[in-house]
Amino acid sequence: MIFDTHAHYDDAAFDEDREEVIGRFGELGIGAVTDPGSTMESLDRIIALVGAHANIYGALGIHPSECAEMTEKDLERIRQGLRLPKMVAVGEIGLDYHWDTPERKLQQHWFRRQLDLAREEGKPVIIHSRDAAADTLQILRECRAEEIGGVIHCYSYSAELAPEFWRMGFFLGVGGVVTFRNGKKLKETVRKTPLERIVLETDSPYMAPEPHRGERNSSLLLRYVVRQIAEIKELPAEAVVEQTWKNACRLYRMEECKGAGKSAATTQA
Ligand code: NI
């Protein structure tokens, strides 16, 4: 079964047909999905989704571009949410110097505070890091992130930098970009990174793979990403699916699905 480690089904882009899309997971081999938070508003939506669907897991956290108004009170609400069943990670958190707002000091503050939270609650983290490699690595090192663990979602840095993250025990999230004609850097990273350090993700509704680039993305399109990774790694698609399923279960510490992920029943919480 395919594990989509990062998809935003709480997004308004799915308001029209959310149940229909989730209802088709089985037929396309999607065994489990993690829906990460980005704002305080997304928190309640994710709690509801996770409660309603056996194959959807949740992560809670504030995206760096959304942290301008964040408070310690919000952090406590996130902490309470993380203690609910099937909440597997803190995220997405990190640094975004591409949009570069709010100011970097504030992004760094809430990144650290949410790393603290993850450590205290014993959860891995989902990292969003864009145009901020050096500061991300520095903060991860300062916060002894190797003891926390997690995933660098939508990995966009060089193949040379990747070992800095996976030697800290982190996984690299690979999605639609690997199928893009201009996705050479990520293809190179996939070639050089052990398959044991890679997890599949969509970032739905964004980042749809070729030949659906520009359309609304969903887990139903992940097979194109699987096919591309299989081609790069010169492996059968099934081997990529099985290994990345195991990796995702290790990442999110889901004991119940550590098997080969061959049956939908193993994904029930
Ligand atoms: Ni995301």
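The values are calculated or read from the model by the stated rules, or taken from the named source; none is laboratory data. From a predicted model like this one, the values you see are computed outputs, not experimental measurements. Glycine gets a Cβ as well: all are built from the backbone with ideal geometry, and neighbour counts include every protein chain shown.
For the stretch 155-169, name all the residues that are crowded, with 24+ Cβ neighbours inside 10 Å and under 15 Å from residue 244 (Cβ atoms).
Selection gives 155 alone.
Under 7 Å between Cβ atoms, which residue pairs at least 6 apart in sequence (or on different chains) link something in the stretch 1-18 that is more than 11 Å from the ligand (Cβ to nearest atom) with a partner that is part of a loop (DSSP other than H, G, I, E, B) and of a type in the set (S, T, N, Q)?
Between residues of the stretch 1-18 that are more than 11 Å from the ligand (Cβ to nearest atom) and residues that are part of a loop (DSSP other than H, G, I, E, B) and of a type in the set (S, T, N, Q), the close pairs are 4/202.
Could you list, ordered by first residue, the pairs with Cβ atoms under 6 Å in which the first is in the stretch 189-206 and over 21 Å from residue 236 (Cβ atoms) and at pLDDT 95 or above and the second is within 16 Å of the ligand (Cβ to nearest atom) and among the hydrophobic types (A, V, I, L, M, F, W, C), at least 6 apart or interchain?
From residues that are over 21 Å from residue 236 (Cβ atoms) and at pLDDT 95 or above, the pairs are 202/7; 202/222; 203/154; 204/7; 205/13.
Can we say residue 190 is surrounded by 21 or more Cβ atoms within 10 Å (Cβ to Cβ), out of contact with any Phe, Trp or Tyr (no Cβ under 7 Å at 6 or more places or on another chain), over 22 Å from residue 36 (Cα atoms) and not small (Gly, Ala, Ser)? Outline the logic, then answer.
Values: surrounded by 21 or more Cβ atoms within 10 Å (Cβ to Cβ): yes; out of contact with any Phe, Trp or Tyr (no Cβ under 7 Å at 6 or more places or on another chain): yes; over 22 Å from residue 36 (Cα atoms): yes; not small (Gly, Ala, Ser): yes.
Yes.
Would you say residue 94 is in contact (Cβ under 8 Å) with a residue 12 or more places away in the chain, more than 21 Å from residue 152 (Cβ to Cβ) and buried (at least 16 other Cβ atoms within 10 Å of the Cβ)?
Taking the combined requirement at face value, the residue does not satisfy it.
Can you pull out the residues in the stretch 33-43 that are within 12 Å of the ligand (Cβ to nearest atom) and surrounded by 18 or more Cβ atoms within 10 Å (Cβ to Cβ)?
Across the stretch 33-43, the qualifying residues are 34, 35, 36, 37, 38, 42.
From 46, 30, grab the single residue that is within 16 Å of the ligand (Cβ to nearest atom), on the phi < 0 side of the Ramachandran plot and in contact (Cβ under 8 Å) with a residue 12 or more places away in the chain. Steps first, answer last, please.
Numbers: 30 fails: within 16 Å of the ligand (Cβ to nearest atom).
None of the others qualify; the one that does is 46.
What do you reckon, is residue 219 surrounded by 15 or more Cβ atoms within 10 Å (Cβ to Cβ), in contact (Cβ under 8 Å) with a residue 60 or more places away in the chain and of a type in the set (S, T, N, Q)?
yes
Take the stretch 204-254 and flag every residue that is charged (D, E, K, R), closer than 20 Å to residue 177 by Cβ and either part of a helix (DSSP H, G or I) or touching a helix residue (DSSP H, G or I) at 6+ places or on another chain (Cβ under 8 Å) (or both).
Matches in the stretch 204-254: 210, 213, 216, 223, 227, 231, 233.
Could you please give the count of residues in the stretch 49-75 that are under 15 Å from residue 113 (Cα atoms) and more than 16 Å from the ligand (Cβ to nearest atom)?
Final tally of qualifying residues: 8.
Name the pairs whose Cβ atoms lie under 7 Å apart, with the first residue in the stretch 145-158 and touching a residue at least 24 places away in the same chain (Cβ under 8 Å), the second of a type in the set (Phe, Trp, Tyr) and outside any loop (DSSP other than H, G, I, E, B), and 6 or more positions between them or separate chains?
Taking only residues 6 or more apart or on different chains, the pairs are 149/170; 150/170; 151/170; 151/171; 152/165; 152/170.
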